[in-house]
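Worksheet: the structure to be examined is printed underneath.
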Amino acid sequence: MKPLYVRVNPLDNVAIVVNPEGLSSGSVFECGLVLKETIPQAHKVALVDIAPDGEVIRYGQAIGSARRAICRGSWVREELLTLPEPPALDRAPFAAATPVPAPPLEGVTFDGYRNADGSAGTKNILGITTTVQCVAPTVEFAVRRIKAEILPRYGGVDDVIAITHPYGCGVAIDAPGAEIPIRTIRNLALHPNLGGEAMVVSLGCEKLQPARLFAIGEDAPWMVRLQDEQYGGFGDMVAAIMALAEKRLEKLSRRTRVPCPASDLVVGLQCGGSDAFSGVTANPAVGHAADLLVRAGATVMFSEVTEVRDAAHLLTARAADADVARALVRELAWYDAYLARGGADRSANPTPGNKRGGLANIVEKALGSVAKAGTTAIMAVTGPGERVTSKGLVFAATPASDFVCGTLQAAAGMTVHVFTTGEGTPYGLAMAPVIKVASRTTLARRWPDLIDVDAGRIATGDATIEEVGREIFELILDTASGRKRTWSDRWGLHNAPSLFNPAPVT
C-alpha cells in the first residue's frame, strides 16, 4: 500500500496513518508530506508546523495544545499534548443547532416477539432474576439443570439465563444513589426479550425485598423464596426453581415472531477497545445506521458519559429543545461530581489499549465516540438504569465501562446492541444480540469469527461510510428478526450483568 493518511476535517492539522504496518521515517505521501520519524498505524502525523502552545486539531476541534514545537511530518503523541479543560457546562449552547428531521423511511419492519405491554423482543428468553448475591450460586446451579433437562422440550425458547449481581444486602439501600442499582435490576427483570415478565428468586432476609422491585405480594406467582419453611434443603430449593421455570417456559414457548414496525426496535450503541480509527470508520458508519433507524421510527441510544463529556457543547446544541439540553447537562454535571468525589476526572478514562491504538487523550476519544450518534436531534435523556420511553435518538447516561454500560443499556430496554472496537474484545450479552463492528480491516481479518462487520474498508477507500452504515442497518434488522446470528451468540460469549452502584456499601 502506498503511504496513506486520513484527515477528518479540513480544519485538522493532524491526520492518522492508515498503513497496517505503520510508516518509516522518510516515507512520502502523495501531497509531498515527508515523515520525519517512524509512525505506527492509527497514530497522528503533523500536517503543518505547530508552534509551542499551539492547538492540535482533529475532528475540527482542539484535542490539546503542543507542549513544544512540533514539526510538519512528526509523530504527534500523548506526551506532546497538554489536556484542555472540558467544555463548560454552564455555557453550553441549548438547542442552538437542532437538526432538521430527514424524510421518514416508511415500511421498515422486523420479525419480533410481541409482549403484553406493547414492547417487542428480538429474542425469546427465560430470565431468572436474583434479589441478592446469596442466592446466585443456587440459581446458577438450577439454570444448568433447566438448560440440560427441561429447555430441550421447548424449542421455541432461545435460552435460560440467570440475572445475578453482587447487590441486595450489606448496602445502604436508602442512601442517595441506591435507586440506580435497584431500578436497574427491576428493568432487567422486565426486559422485552424476557417476555416483559419477571421470575424472581429471593433469599428472604435481604434488604432488597422483592416487593421493593415489583408490585407483588407474599403469594407472587413467579417467585421462589429460599428461606420459606416448605423447602427442606438445597434439593427442594432447586426443585422449586425448576418447577416454576417449566411453567414460565410453557408460556414463553407459545410466543412466535410476528412482523413489527421498526419503531418497536430499541438499539444501543457502544464502543470498547477504541482506537484512532474508531471515529473515522466504525463509529461514523454506525452513526449512519443510527440515522436510518431514527428515520424508520426506532429508538437509538448512545451512552458513556466520560466518552461524550468533551463533546458536550456539540451535543447540547443538537438537543430537540432546551429541556433536553438541560437534562443532558444535569447528567454530565452529576457524573463530574461523582468522579470528583473519588478523586478522579475524565482523564482517567483512556486505557493502555486506547493509547496503543493512537488515541492521545480523552478529548480525542470523545470526539470520535460521539460519531456513533449520527446527525439527528437528541430527543430525550435518561438516567442510569431508567427505561427509555422516547423514540428517536436518546442519550442514556451510563459509565463508559463496557460491562456496566451494556448492563444499563439492557435495563433501558435495548433489544439489539451494536458495539464498535478497534483493539478488539470478545464481549457479549446474553439478554440482547451484540453486533461487533471493527474499525480496522486488520482486526476483522485476525478475528474473523468474532467480528460481524469490517468498517476498516472505509479508511482504505474500498467502501464509503454510507455503504457500511447501510450494511449495519440491514444486519440490525436481520439480527432482530432471528435471520442472522452474531458471533458472540454463536459462541455463547455472554458477560455477566455488572451493576452501577454509586451508593455506600455497609
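Structure notes:
- Reduced Cα scattering model of the stretch 404-506, Debye log10 I(q)/I(0), q = 0.11, 0.16, 0.20 Å⁻¹: -0.37, -0.72, -1.03
- Farthest towards the positive end of the charge dipole of the chain, among the residues PRO84, ALA317, CYS271, is the Cα of CYS271, using unit charges on the Cβ of Lys, Arg, Asp and Glu.
- Here's the picture: charge each Lys and Arg Cβ at +1 and each Asp and Glu Cβ at -1 in the chain, and of HIS43, VAL139, GLY32 the one pushed furthest to the positive end of that dipole is GLY32.
- Ordering of 235-246, 418-429 by burial proxy (mean other Cβ atoms within 10 Å per residue, highest first): 418-429, 235-246
- Net lengthening on full extension, GLN133/GLU106 (0.36 nm per residue, minus Cα-Cα): 5.1 nm
- From its DSSP helices (H runs of at least four residues, each -39,500 (n - 2.57)), the chain gives a residue-normalised ellipticity at 222 nm of -8000 deg cm²/dmol.
- Degrees, to the nearest 10: 136-149 long Cα axis against longest axis of the chain: 80
- Note on the stretch 284-439: percent of Cα-Cα distances in each 10 Å bin, starting at 0 and stopping at the bin with the largest distance, equals 11, 42, 39, 8, 0.
- Distance from the stretch 303-350 to the stretch 255-279 (C-alpha centre basis), Å: 22
- Residue-count net charge about ARG440 - beta-carbon cut-off 12 Å; Lys, Arg +1, Asp, Glu -1: 0
- A viscosity of 1.002 mPa s and a temperature of 20 °C, combined with the Kirkwood radius over C-alpha pairs in the Stokes-Einstein formula, give the chain a diffusion coefficient of 90 µm²/s.
- The angle between the Cα long axis of helix 322-341 and the longest principal axis of the Cα atoms of the chain comes to about 90 degrees, rounded to the nearest 10.
- Principal-axis analysis of the Cα atoms of the chain puts helix 234-252 at an angle of about 70° to the longest axis.
- Placing +1 on the Cβ of every Lys and Arg and -1 on the Cβ of every Asp and Glu, with nothing else charged, gives the chain a dipole about its Cα centre of roughly 500 debye.
- Ranked by how many other beta carbons lie within 10 Å on average, peptides 197-205, 391-399 from highest: 391-399, 197-205
- Formal net charge of residues neighbouring PHE29 (Cβ-Cβ distance under 15 Å; K, R +1; D, E -1): +2
- The stretch 345-356 - phi-based ³J(HN,Hα) in whole Hz, Karplus 6.51/-1.76/1.60, Gly and Pro as x: 9, 5, 5, 6, 6, x, 9, x, x, 4, 6, 4
- A protection proxy built from the mean count of other Cβ atoms within 10 Å ranks the segments 402-414, 48-60, most packed first, as 402-414, 48-60.
- Building the convex hull from the alpha-carbon atoms of the stretch 222-362 and averaging its projection over directions returns 15.0 nm².
- Largest to smallest principal axis extent of the C-alpha atoms in the stretch 68-138, angstrom: 62, 49, 34
- Scattering profile of the stretch 464-506 at q = 0.19, 0.30 Å⁻¹ [log10 I(q)/I(0), Debye over alpha-carbon scatterers]: -0.74, -1.00
- Ranked by how many other Cβ atoms sit within 10 Å of their own Cβ, fewest first, the residues LYS484, LYS372 fall in the order LYS484, LYS372.
Quick note: the coordinates plus some simple rules give every number you see, no bench work behind them. Small disclaimer: the values here were computed from a predicted structure and weren't measured. Glycine gets a Cβ as well: all are built from the backbone with ideal geometry, and neighbour counts include every protein chain shown.
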